[in-house]
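Participant: First the structure, then my questions, so here it is.
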Amino acid sequence: MIPQMANHVQRPKKKPPRSGLDDLRPKVSSSGFFTPRTLCFSLLFLVILYLISPGLRLPWIKFKEGDFPDKSILAEVKFDVIDLEATKLARDRAASLTPPVYILDQEAIQSSLAEAKEQFAKLEQDVLNPVFTREERIALISKYLPTTTSSETISFLADLDKEKFDKLRSATLESLGEVLAKGILSDVPGSAKEITIFDKVSRNRVSVKVDQAITLKKVPVVLEQIAAKRSPGSNRAQRVLRELISPFIRSTLSFEDKVTQLVQEENRKITPPVLKTFSKNQEIVQAGHRVSDQDLVELEAHELALSKANRLQIYIGNAILLLLVFGCFLFYLHRYRPEIARNNKALALIGFMAFITLLTGRVLLLLNLPNVWLFLVPVAAGGILLSTLVDDRLALIYAFFISILYAVQGGNRFDLFLVAALGSLAGVYYMRTIRKRSDIFWPGIVVSGVNAAAIISLNFIGIVGNEFISAITAGVLNGLITAIGVVPGSLIPLEAVFGIATNIRLLELSDLNHPLLKRLAMQAPGTYHHSLMVGNMAESAAEQINANSLLARVGSYYHDVGKMSKPLYFSENQQGGKNRHDDLTPTMSALILIAHVKEGVELAREHRLNLPIIELIKQHHGTSLMPYFYQKAMEQDPARSVDEENFRYPGPKPQTREAAICMLADSVEAAARTLVNPTHGRIKGLVEKIINNKFVDSQLDECDLTLKDLHKIADSFVRVLAGYLHSRVEYPEEQTIPEIKGKFESIDTKVAAKANHKNRAGSRSD
């Protein structure tokens, strides 16, 4: 029995503000409805209602191609639907009417212009050379020009001076470039009424009617028009211009089949679908007739129209369903997991997981992918992460309820629910075996296998159908995405954002080779061994009250790391030397002791320890009094005006059971070292006295420990300390083997001598 505990009523006091999502704690009366907590629940409810609503459909009979319905299906509302056959015909017609595409050959144009320039350069060399007579110039010009060139053109060139020759050259080259740039066809293209000319350089696309396109046969007419425009009123000059241009005319347009096909496909896509309208009560599928592709499209369109027409009905049904899910889930938490129901961070994490999962499903629905690809949503990832971040039991119940919402979002599909639930349960179960971060991908691999097995079973009972290959591919990819991307990529950010230390992380920190613990062992060996002992005691006590024993042990390992800055000011490191506090005032000594908490928090942050451990370091002394230095200060002050607050730690008081256990184990272990004759009774009395003092000092007011828990903690401490401080049998002084043999030889000699003496005495009496 821990004395005096029953005489004190533990009253909860106002807690100081905490970091992270715990700031969402209601700041008004708990009886009020409009608190931050209820507002967050309401917001989450509305968001999830919106996310699952697009996937809901009114109950409907599902068919697949080739089925023969037993009865006719009539339209319940008026709706429009795509006519697949008419749409295909319309798009094929649009493609057939697509003008063929011809590429303008810029290389051919430049080649013709280069040849023309070269010819004019040769003519200039001879025509303008004053050395030659007119007859000689005519002979030379005839050699450079084609044989079809008339004598009048040759004579015209022979009479030109420098200025007129340059004008003629400019007019010829400009006219030639103009004709070639318009594009010249070698022949009229088939039955096409229009062609498209595409210039790869300028990326321009021009449509030209066939009767207006320039062909090689039409070139003379075009040249006449250009010549007339260039030299109006001079038939001789027009003829010269035509004959100079004609030799360099060539086809500059080439048909491009691939580009034409691309344009045809574009025209197919931009052609709007042909719709047909169904009136109310009009027959969609006739009884006994084979269901075709068109029938499936019409049934889907009818289902969608029916859903839109009954949107209010669907939202009401969704809301009722969601209220049931929320209610059952919260009832489970309050009834079986009250510590999680009071933990705002855990609730926020659950809401975040549900939101991300359903948002992913909503995105896939908006992408209009085939329904089978909804198996791709990594529903199991949320359960696996919750199993790691919180615990298995919560993860299992979450997996069940999120699978329901996911199936509803996908259209009330049993196959989605089955695959999601089985995959999540398998992943959560296998996650229990993971102890290293490098193995965290294995649960996702298990999810892949379970998903594949579930989809195979669904296929055997005829639910998956023709999409079996796509379904099993999506199911396996689901697990791989969970294994490779979602879980490993999310775990560390979620640990940081929600301030959670997972078991994997705690196991990593429990390694005594951690740099901070190795440094503690070197700089403050007494504190190091004290911390190990406190860790063992805290772990044992936490197991007795179902607290987080791993967090209690690992947090205790690091609770005194702040002592490394001034290790010799703490008794466990003085090793019988002079007490350095003897030369300090009580106030200065108190400041040194207080500082080790702040310095420990700074070291923990520097080494990136998780928030729960940092909080445990901060809280492991609470606002406890330092009685030795307080009493010393009172003795030195005759007026007894010492302020008690100067000799108390700044706090806060322990906010969690693990921090409270660490506080109690820390005080008990330090005091137990002073016991002279540590019998079981003395150890028990010491433990109960220290726990009672903390209780009376209100250090345990802000955590969830009960009196029953304190009794269990005390019994655990007594058991551990009794094993650690047990008395030993006093063995004789160690001796060497010759010494032992010599001792026994001496004894044997004395015994033999005594026997001989007795025998001699007997013979004398005879």
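Participant: Considering (1) hydroxyl-bearing (Ser, Thr, Tyr); (2) buried (at least 18 other Cβ atoms within 10 Å of the Cβ); (3) in a strand (DSSP E or B), say which one residue 153 fails and leave the rest.
Facilitator: All conditions pass for residue 153, except number (3).
Participant: In the stretch 450-484, what count of residues is obtained for those that are open to solvent by less than 40 Å² (accessible area, probe 1.4 Å) and not β-branched (Val, Ile, Thr)?
Facilitator: 11
Participant: Any residue that is open to solvent by less than 80 Å² (accessible area, probe 1.4 Å) and within 19 Å of residue 586 (Cβ to Cβ) - is there at least one of those in the stretch 648-666?
Facilitator: Within the stretch 648-666 (the criterion being open to solvent by less than 80 Å² (accessible area, probe 1.4 Å) and within 19 Å of residue 586 (Cβ to Cβ)), the answer is yes, since at least one residue qualifies.
Participant: To continue, here is another question. State whether one or more residues within the stretch 218-227 are open to solvent by 70 Å² or more (accessible area, probe 1.4 Å), under 30 Å from residue 95 (Cβ atoms) and without any contact (Cβ under 8 Å) to a residue 40 or more places away in the chain.
Facilitator: Yes, some residue in the stretch 218-227 is open to solvent by 70 Å² or more (accessible area, probe 1.4 Å), under 30 Å from residue 95 (Cβ atoms) and without any contact (Cβ under 8 Å) to a residue 40 or more places away in the chain.
Participant: Let me ask something else about it. Considering only residues of the stretch 565-588 that are exposed (fewer than 15 other Cβ atoms within 10 Å of the Cβ) and among the acidic types (Asp, Glu), which is nearest to residue 671 (Cα to Cα)?
Facilitator: Only one residue fits best here, namely 582.
Participant: Considering the stretch 235-279 alone, what residues qualify as being in a loop (DSSP other than H, G, I, E, B) and assigned by the TED database to the domain that holds residue 105?
Facilitator: 249, 250, 251, 252, 256
Participant: With 367, 330, 359 as the choices, which residue is open to solvent by 40 Å² or more (accessible area, probe 1.4 Å), outside the structural domain of residue 448 (by the TED database) and either without any contact (Cβ under 8 Å) to a residue 40 or more places away in the chain or touching a Leu at 6+ places or on another chain (Cβ under 8 Å) (or both)?
Facilitator: Checking each option against the conditions leaves just 330.
Participant: Something else: Within the stretch 486-496, which residues are of a type outside the set (A, V, I, L, M) and either surrounded by 15 or more Cβ atoms within 10 Å (Cβ to Cβ) or not in a helix (DSSP H, G or I) (or both)?
Facilitator: Selection gives 488, 490, 495.
Participant: Moving to a separate point now. Of everything in the stretch 99-127 that's buried (at least 18 other Cβ atoms within 10 Å of the Cβ) and touching a Ser or Thr at 6+ places or on another chain (Cβ under 7 Å), which residue is farthest from residue 270 (Cα to Cα)?
Facilitator: Per the criteria, the residue is 116.
Participant: Quick one: which of 490, 510, 470, 540 is among the polar types (S, T, N, Q) and either free of Cβ contacts under 8 Å to residues at least 24 places away in the same chain or over 30 Å from residue 339 (Cα atoms) (or both)?
Facilitator: Result of the check over 490, 510, 470, 540: 470.
Participant: Looking at 304, 296, can you tell me which residue is in contact with a strand residue (DSSP E or B) (Cβ under 9 Å, 6 or more places away or on another chain) and part of a helix (DSSP H, G or I)?
Facilitator: Answer to the selection: 304.
Participant: Please specify each residue of the stretch 603-624 satisfying the condition of being under 18 Å from residue 666 (Cβ atoms) and open to solvent by 50 Å² or more (accessible area, probe 1.4 Å).
Facilitator: Within the stretch 603-624, 618 is the sole residue that qualifies.
Participant: Identify, please: which residue in the stretch 134-150 is touching a helix residue (DSSP H, G or I) at 6+ places or on another chain (Cβ under 8 Å) and β-branched (Val, Ile, Thr) and is, among those, surrounded by the fewest Cβ atoms within 10 Å (Cβ to Cβ)?
Facilitator: In this case the residue turns out to be 148.
Participant: When the residues of the stretch 253-293 are filtered to those that are of a type in the set (Ser, Thr, Tyr) and in contact with a strand residue (DSSP E or B) (Cβ under 7 Å, 6 or more places away or on another chain), which remaining residue is surrounded by the fewest Cβ atoms within 10 Å (Cβ to Cβ)?
Facilitator: Across the stretch 253-293, the extreme among qualifying residues is 277.
Participant: From 179, 188, 131, which residue is surrounded by 15 or more Cβ atoms within 10 Å (Cβ to Cβ) and not aromatic (Phe, Trp, Tyr)?
Facilitator: Unique residue meeting the criteria: 179.
Participant: Looking at residue 314, is it outside any helix (DSSP H, G or I), touching a residue at least 60 places away in the same chain (Cβ under 8 Å) and not polar (S, T, N, Q)?
Facilitator: Judged against the criteria, residue 314 is not a match.
Participant: I'd like to check which helices (runs of 4 or more DSSP H) are fully inside the stretch 44-145 and have at least 2 residues that are touching a residue at least 60 places away in the same chain (Cβ under 8 Å).
Facilitator: 84-96, 106-127
The values are calculated or read from the model by the stated rules, or taken from the named source; none is laboratory data. Here the structure is a predicted model, which means the values were calculated and not measured. Neighbour counts are summed over all protein chains in view; Cβ atoms, including those assigned to glycine, are modelled from backbone coordinates with ideal geometry. Just the protein is used for accessible areas: all its heavy atoms, side chains included, with ligands, DNA and RNA removed. Shrake-Rupley method; radii C 1.70, N 1.55, O 1.52, S 1.80 Å.
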